[in-house]
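What follows is one structure encoded as structure tokens, with my remarks underneath.
The values are calculated or read from the model by the stated rules, or taken from the named source; none is laboratory data. Here the structure is a predicted model, which is why all the values come from computation and not from measurement. Cβ atoms come from the backbone with ideal geometry, glycine included; neighbour counts cover every protein chain shown.
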Amino acid sequence: IKDKTTILVPAVINVGEGPNGFFVTTELINGVPLAKIGNKCKTVATANAKTFVEEIVIPQLRELKSNTTRFNGVVIPPPWTLATPEFVFCHGDLGPFNIMVDPLTLKVKAVFNLENRGFYPGVFLK
């Protein structure tokens, strides 16, 4: 996402496998998850996030295409394969708990928790 779009996502610092399984370490983004913004700020922060998702996230993800369905970089058995790349990249779990907001400006600082990402039919972006 970071290399192919302007969507704000944390930089990956490390990826590996430890005693408890696979892990990904990302940069720390200072902010507050949209789901935890206080009531006084919730209306403005939610409107800002909605605009960000509708004008930045969805249009740019829609441009990332594949001809094979994939979940988290892995082909899902049995894969759906098309002659043309019509599957689009989806976050897989985009909601208020995965959008970091600046508590002062109430603007989106980052979208995170992309562990459910993959290439899916375009309707999944709605």
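Couple of notes before you dig in:
- The number of residues in the stretch 1-27 being farther than 23 Å from Phe119 by Cβ and exposed (fewer than 10 other Cβ atoms within 10 Å of the Cβ) comes to 7.
- Selected residue (criterion: farthest from Thr6 (Cα to Cα)) from residues of the stretch 55-80 that are at pLDDT below 70 and part of a strand (DSSP E or B): Val75
- Of the residues Thr26, Thr46, the single one that is out of contact with any strand residue (DSSP E or B) (no Cβ under 6 Å at 6 or more places or on another chain), of a type in the set (Ser, Thr, Tyr) and touching a residue at least 12 places away in the same chain (Cβ under 8 Å) is Thr46.
The rows are residues; the columns are (1) in contact with an Asp or Glu (Cβ under 9 Å, 6 or more places away or on another chain); (2) at pLDDT below 95; (3) not in a loop (DSSP other than H, G, I, E, B).
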position: Cys41; (1), (2), (3): no, no, yes
position: Ala49; (1), (2), (3): no, no, yes
position: Val53; (1), (2), (3): no, yes, yes
position: Thr84; (1), (2), (3): no, yes, no
position: Asp93; (1), (2), (3): yes, yes, no
position: Met100; (1), (2), (3): no, no, yes
position: Thr105; (1), (2), (3): no, no, no
position: Glu115; (1), (2), (3): yes, yes, no
